[in-house]
Each structure stands twice: as structure tokens, then as C-alpha cells.
Amino acid sequence: MLKQEVKGGQASLADPRFRADVLNGLDRRPRAIPARWFYDRCGSELFEQITGLPEYYPTRAETGILAQIAPELAALVAAGSALVEFGSGSSTKTPLVLDAIKPSAYVPIDISGDFLRDSSRALSARYPDLFVLPFEADFTRALSLPRTIAAAPKLGFFPGSTIGNLIPHAAVDLLRAMRASLGLGAHLLIGMDRIKDVAVLERAYDDAAGVTAAFNSNLLARINRELDGTIPIEAFRHRAIWNDERARIEMHLEATRDVSFTVEGQPFTLVAGETIHTENSHKYGPRDARILLRAGGWTPIAEWTDPKGLFAVYLAQA
Ligand code: AVI
């Protein structure tokens, strides 16, 4: 479900995991395909565009918080810590933390080796004295971190509210895996999006320019491209719906008419109004966030928000 997991699916057309998730997901009721499959090259580019949209506040809010808290963070985190970023991707927010804590080493972890090497090279050029140790791995499982940083105190970094893309029990499992990877006494700096006005939330996931709609329907285009699909993409519309019971924005692709198509020769029919559920983005109130961290084995020790209280960044200790 995490965007970083996805990039493993980019290398080969017709990844067997993609095929299984799509065929099973279209077969089940309600129909649902894991959000991880959004992030092929086109989807990753569309996501980068989303982060700059006027309606999509999380990236701006979190970047503002990280810039603001630098001195406090430096005081709370042990000197000489190694910074371990989970799902580092393009490492865009990393310089804010590097400048704040001046770590002894930086370990970006990502499942996509190519992506990891490119962003590590760029960071090494910007911070020539920084010891950068790229680590190609699936961070949803407990990892043995490089021996070189064994003695250093650890600061884990998991920005972007990516934790929100997991259903709560999977979020707890991930927090526990991070705790196991970093060890007792480690710190974790994590971004979580807050519950807020429904109109603000729904606009953030259904922008006026239609970039999020394109991001969502790119999944259908990817199915057609990689799994020999015949889905009439224009027969689906993007929906972003607040599910209050589960405190999450859900993204769906809704059939605007009765529609039939095949994927790898397998036939599917949806009636008008039926949806394919493509993403969950959970939002956490202050208490919810602290409970989630504790359930994952982390004690919250500091909490910061932007001036409007849209987004929160937590520092927690294992
Ligand atoms: C990657 N993730 C945290 C984004 C989110 O806000 O849940 C993905 C996204 N989906 C639509 N817009 C952004």
C-alpha cells in the first residue's frame, strides 16, 4: 500500500504481483486495487505534481513545520545520530532534517534501487561530508541496518503522511517493524495528516485542475498497458469521498455507465455507479495519532503542527 513499495513494480511489464492484485481486486466485492500500483513512472510524476497543487496542503504544511522545528529537533535528538529514512523516494524533505540535526550518517531505505541511487548521488553532491549509505530494501519488515551505524543513536524519518495510506492494523505493524529495525532508544520523526473540515479534505483529493483525477485513472491506463486490458477509461470518473466512520479519504473510480472489459482475457462487467476502490488516506486527530504511535511501540515525546493545525509532525522514542 505504500508508495515506495510500488516502485518494485516498475521494472517489468506484467509484474505477477500486479496481475494478481488487479485480477483478484476486480473480482472481489467491493472491488479494490491496492494504492501501491499507482506509482509507475507516469503515476510518480503525477504525484509530484499533486504535492505542488494549491488544494494539496500536506506537503507545504509538513515542509513548513520541519523548517520551523530545526532548533528544537537538534536539542531533542542525540548528537551524532544516524538518520534513517523509510521509503526515501526523492528525499525532498531530507535536507530540512539534515540541516537541523547534522547526522553522522544518512541511510535512505527504498525498494527501488535506481531511484535510491539517483537521490543518494544528488544528496552526496549537496552534502559532500555526509556519509550516505543507500539501502535497497522493503522496510515494511524488520531490517538489519548497515553495521557501520551500529553504535550510533538512530533517528528514523517517515514523512509525507504515508502511514495514512495503511489501514490501522497495518500501520501498527509497520511502526513495530521500524522499532525493530532501529532498536530500543531510537527516535522516530513522523508526519501524520490531521482530521479537518471535510470540504478541505475532499478538495485536496479532487483538485480543480484534475491532476488527482488523472493520477487515479492512470491506474486503469497502467492495467491496459501492462495487463493487456480493454478498459474504456473515459467510462470511469474519479471520486474522493470522506469516510467519517473510518476517518479517511477514499479514492474510487466510478463507472458512469454499464461497462464490460477484459484484463488478460478475463471478462469483467460493472454496472453504472459501481466503483473500484483505489486508495485510503487515513487522518488522525491528536489523541488518535498518539494512540497509534503507542500501539506501534513508540512513546510520543514532542508534537508540532502548522499554524492552521492541518498537519502534524511527531517525535517519538522506542
Ligand atoms: C502518498 N500519500 C501520502 C498521498 C496521500 O495524501 O494519501 C497519496 C495521494 N493520493 C492522492 N493524493 C495524494
Return the long-range amide H neighbours of Gly156 (sequence gap of 5 or more, or a different chain), with a cut-off of under 5 Å between placed amide H atoms.
Val84, His187, Leu188, Leu189
In µm²/s, what is D for region 105-147 at 10 °C and 1.306 mPa s, where D = kT/(6 pi eta Rh) by Stokes-Einstein and Rh is the Kirkwood radius from Cα pairs?
147
Lys and Arg at +1, Asp and Glu at -1: neighbours of Ala213 with Cβ under 13 Å from its Cβ sum to -4
Rg/Rh ratio calculated on Cα atoms of region 1-148 (Kirkwood radius)
1.02
Just subtract the alpha-carbon distance of Phe131 and Arg294 from 0.36 nm times their residue separation and send over the number in nm, one decimal.
55.5 nm
Can you give me the % of accessible surface on the chain that is carbon or sulfur? Probe 1.4 Å, all protein chains present, nothing else counted.
53
Evaluated over the chain, the Cα radius of gyration and Dmax, each in Å
19.8, 61
Links exceeding 23 Å between C-alpha atoms in this model, out of Lys154/Lys308; Lys102/Lys154; Lys154/Lys283, come to Lys154/Lys308; Lys154/Lys283
The chain - percent relative contact order, Cα under 8 Å, separation 6 or more
21
Solvent-accessible area per residue for the chain (1.4 angstrom probe, square angstrom)
42
Any idea what diffusion coefficient region 213-272 gets from Stokes-Einstein, in µm²/s, Kirkwood Rh on alpha carbon pairs, 10 °C, 1.306 mPa s?
128
Treating region 67-183 as a set of equal point scatterers at the Cα positions, no solvent, please give the Debye-formula log₁₀ I(q)/I(0) at q = 0.24 Å⁻¹.
-1.56
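Per DSSP H run of at least 4 residues, take -39500 (n - 2.57); add these up for the chain, divide by its residues and hand me the 222 nm value, nearest 500 deg cm²/dmol.
On the way: 11 runs with 116 residues, N = 318.
The per-residue figure over the chain is -11000 deg cm²/dmol.
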If you restrict to DSSP beta bridges whose two residues both lie in the chain, what percentage is antiparallel, to the nearest 5?
65
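The values are calculated or read from the model by the stated rules, or taken from the named source; none is laboratory data. As the structure is a prediction and not an experimental result, all values here were calculated from the model. Cβ atoms come from the backbone with ideal geometry, glycine included; neighbour counts cover every protein chain shown. Calculation scope for accessible area: heavy atoms of the full protein, side chains included, ligands and nucleic acids excluded. Shrake-Rupley method; radii C 1.70, N 1.55, O 1.52, S 1.80 Å.
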